[in-house]
1. I need the shape label for the stretch 42-92. Rule: rounded when a/c is under 1.5, else prolate if a/b > b/c, else oblate, with a, b, c from the alpha carbon gyration tensor.
2. What nm value, rounded to one decimal, do you get for the distance between V400 and L388 when each label is placed 7 Å out toward the C-beta?
3. Binning every alpha carbon pair distance of the stretch 291-429 at 10 Å from zero, what are the percents per bin?
4. Quick one: which of 310-317, 120-127 comes out on top by average Cβ neighbours within 10 Å, and what's the full order, highest first?
5. How large is the dipole of the stretch 330-429 about the Cα centre if only Lys and Arg carry +1 and Asp and Glu carry -1, each at its Cβ, rounded to the nearest 20 debye?
6. Could you order peptides 77-89, 25-37 by the average number of other Cβ atoms within 10 Å of their residues, highest first?
7. May I ask which of K257/K356; K301/K417; K257/K367 have a Cα-Cα span longer than 23 Å here?
Amino acid sequence: MTDNTTELDFGTTAQKATDAEKLPVVLLALDQGRYDMARSLDELRALADANGMDAVAEVVQKRATPEAATLLGEGKIAEARLVCQNVNAAAAIFDGELTGSQIRNLSAALQVEVLDRTMLILEIFRARATTNEGKLQTELATLRYQLPRLQGLGEALSRQGGGGGGGGGARRGAGETKLELDRRHLHHRIEHLEGRLKELEKRRGETRRARQKNNVPVVALVGYTNVGKSSLLNALCGEQIFEADMLFATLDPTARKLVLPSGLQIILVDTVGFVSRLPHHLVEAFKSTLEEAAFADVIVKVADAGDAQAAEQLAVTDDVLGSLDCTDIPQLVVYNKCDTANTVAFDPDILLTSAKTGYGLPALLAKLDEVLNHRVRTIEIVLPYDKLALADILRSRGSVAAEEYREDGVYYRGTVKIDDLHRFEEFLV
């Protein structure tokens, strides 16, 4: 088995789903009044769509105390079974996490495959991961989620019959059950993946230290999934990375160089998007990806200006950033997709942008310059002709706005990093 595959699968539904023909699914939910159920189901529907599924119906039960075996009550289970039959559903997706036994019980009662919210997110992650690290992280998160649920993830994981001959208490060479073999295999695989990811984390740390040594500021784009972070990066940097109007279009972090109006060169990083109620263990699994934000010099929190839930999206972003200890890092708030908003009445401190039309992008770049202005200085110098090697430093690590050849040397007006200022002090005009 290779590093990028897993022997144990949640099921076949997600693998069969294609963009050409979406599979009909039914959404299930237990409303205990803990969160906005309508919004949560809208998000689950969007997640299903991102996985090649079409949520054709939903069954919701308001109930303070869930049934231990199925969460939903007996009557609501019967209703859900009829709905699944009537719409010819390929699967049912529960809006929340289920135990292995609950998955098995619901699947038997509804007579269709059952997935929960986390399983669906993991399927999307597995399909979208492109880098080796992203694939390893996805597989590790999947295996950790499967481990306590082996008993309920399908007939393929059922126990073997065991025991020796001879009757009575004789049990010669019973061997291991299929469940025990699967559990042992998962433990070994998890240990292997953790080791591989530690190696990659070490390499990433070396890359980060090289950035810090070169004093290249890092600006991280973070926010809810599908708010246009990748579109912003493409609009600012001119680099084409994958973008689409779907949840989790980008999973792996992407870094691009960007030169601000002051001439300061920065690294702009696009990170994986968030969703509400993102399970803690998924945040932990992708912490090495999300930590690009934790080590950034500036965090740009992006929300969708055309979404009525934009404030809630930012709250989700703040929750995840809080778990990564990013509260002391300078943060900017950007409402992207402002071309889709009919009315604009936001806080003046909030930046409005449109990656599609380019509106607000100069203001965003100017704001980044303002936040990072302690990194650079504008200078005027005259370099003697025998010191023109310094001009290479000025061009590569700063910027040149004006250049003029004179009798005593070459005049330059430009910007340099504070850490390079001492190289030019004796030549200042």
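1. Details: a/c = 2.56, a/b = 1.51, b/c = 1.70.
Oblate, because a/c is 1.5 or more while a/b does not exceed b/c.
2. The answer from the label model is 0.9 nm.
3. In order of increasing distance, the bins hold 11, 29, 23, 19, 14, 5, 0 percent.
4. Result, highest mean Cβ count within 10 Å first: 120-127, 310-317.
5. Once rounded to the nearest 20, the dipole reads 420 debye.
6. The most tightly packed comes first, giving 25-37, 77-89.
7. K301/K417
The numbers here are math on the coordinates, done by the rules we state, and not lab data. In this text the structure is predicted, and so the values were computed from the model without any measurement. Quick reminder, even Gly has a Cβ in these numbers, built from the backbone with ideal geometry, and neighbours come from all protein chains shown.
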